[in-house]
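Notes follow once the structure below has been shown.
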Amino acid sequence: MTHDHDLVLRPTAAQREAALHPPAGRTGGDLVVESLAALGATTVFGLPGQHALAVFDALRRSGLRHVGLRVENNAGFAADAYGRVTGEAAPLLLSTGPGALTALAALQEARAASAPVLAIGSQVPAAGLGGGRHGYLHELPDQAASFRGVVKSVHTARTPSQIPSAIAEAWTSALTVPHGPVWVEIPQDVLEAETSLPVVTGGDTFPEELPPRPELTAVAADLLTRAERPAVIAGGGVVRADASKKLRQLAERLQAPVVTTFGGKGAFPWTHPLSLQSWLEDRHTTDFLEDADVLLVVGSGLGELSSNYHTFAPRGRVIQIEADLGKLESNHPALGIHADARLALQALLETVEEPRTDPTAPERVRGVLDKVRARIAAQELTLEQDVLAAVRAALPKNAPSFWDMTVLAYWAWSAFDAQAPGTMHSAQGAGGLGYAFPAALGAAVADPTHPVLAVSGDGGALYSVAELATARQYGLNVTWLIVDDGGYGILRAYMTDAFGEPTATDLPGPDFAALAESFGVPGVRTSPETLETDLAKALATPGPSVVVLPAELRMFAPTHRG
């Protein structure tokens, strides 16, 4: 039996001629760039360094667009967002040692969020590999070891001829479900070595699909068909698999209420009669989900933030569809189906019997949401709700938003209507600071047709201030909302609650609006009353801008402490 991908394509006359007479003066760096272009890459992110200069020299001779950020970790966040928005592997070019290690936090976020990032780092000359310890600048005993626990796979090219295959193998890994970051490293002398190898033109890769096992979907369909009180938890896997429409079809057929995780925002319409929205940190929602006799969990591992801090204890049968094998049944016993969310939902749609009728389901959903609203209303949090409503009103429907680890983002996880799948992103995968602004820059590079919003606190903003220069250099259409409360606001609240008073959480900072202006980026100070107008104006104006809101916001009370 012959498969399409088993066929060997004959080179054209032009390809044969190019192979027999490659251009002179090419190096291993050219092989890197040619391999990326052959695989379909059009844009690369990253910073040059001594050992990686041959790659950047090759970029000059290529048609690839290079977007250079000022800090490696920020370049990683930009690549992460580019991968999330496009679904393509985002090349990230880094140098050896400090340059590579500085990007680790961004790669951890990409791994947690299943964002396809192809990180390519240089290495010391090949003689220093394997612990040779020649004392090269930036030398580590085993640089790849620093990445093995963070990325999906590690690849090393020790000769020029290994470069195209190593990059193609890594590209396939990054785009195989579940998506994620990968690491390729190439010694300096290999990158700088002249090569007579033909120009790389063949780059087709075939990431394997991950269909569900049919015997498992048959059991799942039977359980869902016979369920009296089915419910659904929809995670980020639904969004990444572009499976939102299939989820809605299945939920309506089953009359099953749906709650989306913080990573799955937009996977189900916010105002749908069956939508429990995203109030996962509320005990009323937790109780409702625990009462389901069959709970379908799609694209979520039911981790800390998706289980009300592990207080969730389902009493009925759980069906878990998850592309990451390590997450299956990692928190709760379930009928575990290792599959891509889209393919599994399609299989269930083809197997579940005729639609069931349950006129009480929307009524039960309204009852839960009414209880949630009453709980929040009793806490006198009008300022916080007004600020979040102003952001939603100012942001166009299909415009993406990127949120740092800050109080307003924690509100947004539960209370913000994303309005469309794949438009709201945050750093809640790994939880590091400094994500929002550089990620928004990467999204603006990926799709310049929409304005992009970044939301940070002043603490997180200080991680990313250098990228104002990047935003100005490339004219990226990003508006940065900085909520300035003079410190790490959420940690201040956590410490006060736990220990009676905070320590090391106050941060005397700059005038962010004036700082933005010094970079040539328009900056404005706003107020809760003028936020919607000022933010809408900034978003409607092409190019980068900064809107600063001096405000101390509070979180709603938790419900997971007994």
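Being of a type in the set (Gly, Ala, Ser) and touching a Leu at 6+ places or on another chain (Cβ under 6 Å) is the filter here; which residues of the range 324-350 pass it? Gly336, Ala339, listed by residue number.
When Gln320 is tested against the conditions (1) at pLDDT 95 or above; (2) farther than 28 Å from Gly180 by Cα; (3) not hydrophobic (A, V, I, L, M, F, W, C), the lone failure is (2).
The single condition among (1) touching a strand residue (DSSP E or B) at 6+ places or on another chain (Cβ under 6 Å); (2) more than 19 Å from Val372 (Cβ to Cβ); (3) part of a loop (DSSP other than H, G, I, E, B) that Ser278 does not satisfy is (2).
Each row is one residue, and each column tells you yes or no for (1) over 23 Å from Gly336 (Cβ atoms); (2) within 29 Å of the chain's Cα centre (by Cα); (3) of a type outside the set (S, T, N, Q).
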{"residue": "Ala227", "(1), (2), (3)": "no, no, yes"}
{"residue": "Val232", "(1), (2), (3)": "no, yes, yes"}
{"residue": "Gly237", "(1), (2), (3)": "no, yes, yes"}
{"residue": "Asp242", "(1), (2), (3)": "no, yes, yes"}
{"residue": "Lys246", "(1), (2), (3)": "no, yes, yes"}
{"residue": "Val258", "(1), (2), (3)": "no, yes, yes"}
{"residue": "Gly266", "(1), (2), (3)": "yes, yes, yes"}
{"residue": "Trp270", "(1), (2), (3)": "yes, yes, yes"}
{"residue": "Leu280", "(1), (2), (3)": "no, yes, yes"}
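For the range 472-562, the helices (runs of 4 or more DSSP H) that sit wholly inside it and include 1 or more residues that are open to solvent by 50 Å² or more (accessible area, probe 1.4 Å), acidic (Asp, Glu) and touching a helix residue (DSSP H, G or I) at 6+ places or on another chain (Cβ under 9 Å) are 531-540.
Would you say Leu280 is among the hydrophobic types (A, V, I, L, M, F, W, C) and open to solvent by 30 Å² or more (accessible area, probe 1.4 Å)? Taking the combined requirement at face value, the residue does not satisfy it.
Within the range 80-130, the set of residues being outside any helix (DSSP H, G or I) and open to solvent by 40 Å² or more (accessible area, probe 1.4 Å) comprises Glu88, Thr102, Gly130.
Taking the stated definitions as given, is Arg133 part of a loop (DSSP other than H, G, I, E, B) and open to solvent by 30 Å² or more (accessible area, probe 1.4 Å)?
Here the answer is yes, as Arg133 does meet what is asked.
In the set (1) within 17 Å of Ala436 (Cα to Cα); (2) among the aliphatic types (A, V, I, L, M); (3) at pLDDT below 95, Ala126 fails one condition alone, (1).
Considering the range 20-37, the residues that are hydrophobic (A, V, I, L, M, F, W, C) and open to solvent by less than 30 Å² (accessible area, probe 1.4 Å) include one that is nearest to the chain's Cα centre (by Cα), namely Leu36. Listed conditions (1) of a type in the set (Lys, Arg); (2) over 30 Å from Leu280 (Cα atoms); (3) touching a residue at least 24 places away in the same chain (Cβ under 8 Å) are all met by Arg554, apart from (2). If you go through the range 429-456 and keep only what is touching a helix residue (DSSP H, G or I) at 6+ places or on another chain (Cβ under 7 Å), open to solvent by 10 Å² or more (accessible area, probe 1.4 Å) and not in a helix (DSSP H, G or I), you end up with Gly429, Ala430, Gly432, Leu433, Asp447, Pro451.
In the set (1) within 24 Å of Pro273 (Cα to Cα); (2) open to solvent by 20 Å² or more (accessible area, probe 1.4 Å); (3) part of a loop (DSSP other than H, G, I, E, B); (4) out of contact with any His (no Cβ under 9 Å at 6 or more places or on another chain), the condition left unmet by Ala420 is number (2). Determine whether Ala37 is more than 30 Å from Gly460 (Cβ to Cβ) and of a type outside the set (Phe, Trp, Tyr). Here the answer is yes, as Ala37 does meet what is asked. Inspect all residues belonging to the range 341-364 and state whether any of them is within 30 Å of Tyr82 (Cα to Cα), outside any helix (DSSP H, G or I), under 21 Å from the mean Cα position of the chain (by Cα) and not aromatic (Phe, Trp, Tyr). No, the range 341-364 has no match at all. Remark: Thr311 matches the filter, which requires a residue to be open to solvent by less than 70 Å² (accessible area, probe 1.4 Å), of a type in the set (Val, Ile, Thr), part of a loop (DSSP other than H, G, I, E, B) and in contact (Cβ under 8 Å) with a residue 40 or more places away in the chain. If you check Glu384 against the conditions, is it open to solvent by less than 20 Å² (accessible area, probe 1.4 Å), among the charged types (D, E, K, R) and not in a loop (DSSP other than H, G, I, E, B)? In short, yes.
The values are calculated or read from the model by the stated rules, or taken from the named source; none is laboratory data. These numbers come from a predicted model, not from an experiment. Cβ sites come from the backbone with ideal geometry, for glycine too, and all protein chains shown count toward neighbours. Just the protein is used for accessible areas: all its heavy atoms, side chains included, with ligands, DNA and RNA removed. Shrake-Rupley method; radii C 1.70, N 1.55, O 1.52, S 1.80 Å.
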